[in-house]
Amino acid sequence: MAALADSTTTIAELRTRLQAFVRERDWEQFHSPKNLSMALAAEAGELMEHFLWSTPAQSSAIAIDPNKRGQIADELADVVIYALEFANITGLDVSAAIEAKMAANAKKYPVEKARGRSEKYNEL
């Protein structure tokens, strides 16, 4: 498999590669929306575990620690893989979903109210 990079790889290419990987192993039979959403949550938890009990500053240091970076990258990859496989199985368009969500968030969090603030939209 050729080396991939964010700057040159499309979401469609990742989805196609993932679909081929899953089909070669006959795993689609196990990949229901329920199972994939649960696997996604589990992998997100494993990613969070690297930062458990750390302060924000400590978490930034952990994220760039060469001894931890590979493990963190593996967990991030698992999260993205399950999210993309969820999109494959459900037929959801990831880019369209992100675009719609960002448009909705732009309305909820207008720049003039939300810049530099962490409150929820109904508290701005």
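The values are calculated or read from the model by the stated rules, or taken from the named source; none is laboratory data. Because the structure is a prediction, the values reported are computed rather than measured. Methodologically, a virtual Cβ is constructed for each residue, glycine included, from the backbone with ideal geometry; neighbour enumeration extends over all protein chains shown.
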### Query
Just one of the numbered conditions (1) over 23 Å from residue 96 (Cα atoms); (2) among the small types (Gly, Ala, Ser); (3) in a loop (DSSP other than H, G, I, E, B) is not true of residue 5; which one?
(1)
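Condition check ((1) over 14 Å from the mean Cα position of the chain (by Cα); (2) part of a helix (DSSP H, G or I)) across all residues:
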position: 9; (1), (2): yes, no
position: 36; (1), (2): no, yes
position: 42; (1), (2): no, yes
position: 54; (1), (2): yes, no
position: 57; (1), (2): yes, yes
position: 68; (1), (2): yes, yes
position: 71; (1), (2): yes, yes
### Message
Looking at the stretch 11-34 only, could you name the residues that are touching a residue at least 40 places away in the same chain (Cβ under 8 Å) and either closer than 18 Å to residue 93 by Cα or within 16 Å of the chain's Cα centre (by Cα) (or both)?
### Response
11, 14, 15, 18, 19, 31, 32, 33
### Message
Based on this model, can you work out whether residue 61 counts as at pLDDT 95 or above, assigned to a helix (DSSP H, G or I), of a type in the set (A, V, I, L, M, F, W, C) and surrounded by fewer than 14 Cβ atoms within 10 Å (Cβ to Cβ)?
### Response
yes
### Query
Tally time: how many residues in the stretch 21-34 are more than 20 Å from residue 74 (Cα to Cα), in a helix (DSSP H, G or I) and of a type outside the set (S, T, N, Q)?
6
#### Entry: All positions within the stretch 91-101 that are assigned to a helix (DSSP H, G or I) and surrounded by 11 or more Cβ atoms within 10 Å (Cβ to Cβ)
94, 95, 97, 98, 99, 100
### Query
Going through the stretch 105-124 one residue at a time, which ones are surrounded by 10 or more Cβ atoms within 10 Å (Cβ to Cβ) and assigned to a helix (DSSP H, G or I)?
105, 106, 108, 113, 114, 121
### Message
Exactly one of these conditions fails for residue 88: (1) in contact with a Phe, Trp or Tyr (Cβ under 8 Å, 6 or more places away or on another chain); (2) part of a helix (DSSP H, G or I). Give me its number.
### Response
(1)
### Message
When you check residue 49 against the structure, is it at pLDDT 95 or above and farther than 24 Å from residue 6 by Cβ, yes or no?
### Response
yes
